[in-house]
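Asks: So that we are looking at the same thing, I have put the structure below in structure tokens.
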Amino acid sequence: MRKNKGFTLVEILIVVVILGILAAIVIPQFSDASTQSKVSSCLSSLQSLRSQVQLYKIQHNDNPPSVGAFVEATFIAQMETYSDASGTTAAAKNAATGIIYGPYVQDIPDNPWNNSDSVAAADATTVGWVYDATTGDVYIGIADLDAVNDAEVIASLTDAGAVAP
């Protein structure tokens, strides 16, 4: 008498079905965690930018960083370099000329939705951050998000006050 050892086809199918059910339950939770992590990262970066713009305003007689012909270049220059009370920038501090403020950020953070650190006056694709020079408000660029597939993300960012009105 010879006994065959091993699993039957039915036993293997049952195990595969159980693994499939477990995967169907677990995978959506991981994708949701990834989305929530991006939202948290975005809101954290936004809060950091907003607080540094507020510090700039305090040190520059309630004037926000100005915006020239190229929003990004002017905003970055004023936030990443030293400046005096009138907003004149320089590469190094110089107490004799009054250039004693800043820098406020080392680098503009990337928007996790489009990996862009660009700054613009209006939201558009590939814009990381939207900057309103009249008020000094900074918002998250959401033009790269899909209104249907990312509706929950957009709603979450809007509820947090992170999206330009």
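The values are calculated or read from the model by the stated rules, or taken from the named source; none is laboratory data. All figures in this text were calculated on a predicted structure; none of them were measured in a lab. Every residue, glycine among them, receives a Cβ derived from its backbone with ideal geometry; neighbour counts consider all protein chains shown.
Asks: Please determine, by comparing only the residues of the stretch 146-165 that are among the aliphatic types (A, V, I, L, M) and part of a loop (DSSP other than H, G, I, E, B), which one is surrounded by the most Cβ atoms within 10 Å (Cβ to Cβ). Steps first, please.
Replies: Residues of the stretch 146-165 among the aliphatic types (A, V, I, L, M): 147-148, 151, 153-155, 157, 160, 162-164.
With part of a loop (DSSP other than H, G, I, E, B) added as a condition, the list becomes 147-148, 160, 162-164.
Values: Ala147: 8, Val148: 7, Ala160: 14, Ala162: 21, Val163: 19, Ala164: 17.
Result: Ala162.
Asks: From the list Val53, Val71, Val39, exactly one residue is at pLDDT below 80 and surrounded by 12 or more Cβ atoms within 10 Å (Cβ to Cβ). Which is it?
Replies: Val71
Asks: Given the conditions (1) without any contact (Cβ under 8 Å) to a residue 60 or more places away in the chain; (2) within 25 Å of Cys42 (Cβ to Cβ), report the number of the one that Asn111 does not fulfil.
Replies: Unmet condition: (1).
Asks: Restricting the first residue to the stretch 117-128 and requiring it to be outside any loop (DSSP other than H, G, I, E, B), which pairs with a second residue that is of a type in the set (Phe, Trp, Tyr) meet a Cβ separation below 8 Å and a spacing of at least six or different chains?
Replies: These pairs meet every condition: Val119/Phe75; Val119/Trp129; Val119/Tyr131; Ala120/Trp129; Ala120/Tyr131.
Asks: Say we look at the stretch 146-165 and pick out the residues that are under 24 Å from Leu55 (Cα atoms) and hydrophobic (A, V, I, L, M, F, W, C); which of these is modelled with the lowest pLDDT?
Replies: Ala164
Asks: Please go through the stretch 129-145 and pick out each residue that is in a loop (DSSP other than H, G, I, E, B), of a type outside the set (Gly, Ala, Ser) and either modelled with pLDDT of 90 or more or crowded, with 17+ Cβ neighbours inside 10 Å (or both).
Replies: Once the filter is applied, which keeps residues that are in a loop (DSSP other than H, G, I, E, B), of a type outside the set (Gly, Ala, Ser) and either modelled with pLDDT of 90 or more or crowded, with 17+ Cβ neighbours inside 10 Å (or both), the stretch 129-145 yields Ile142, Asp144, Leu145.
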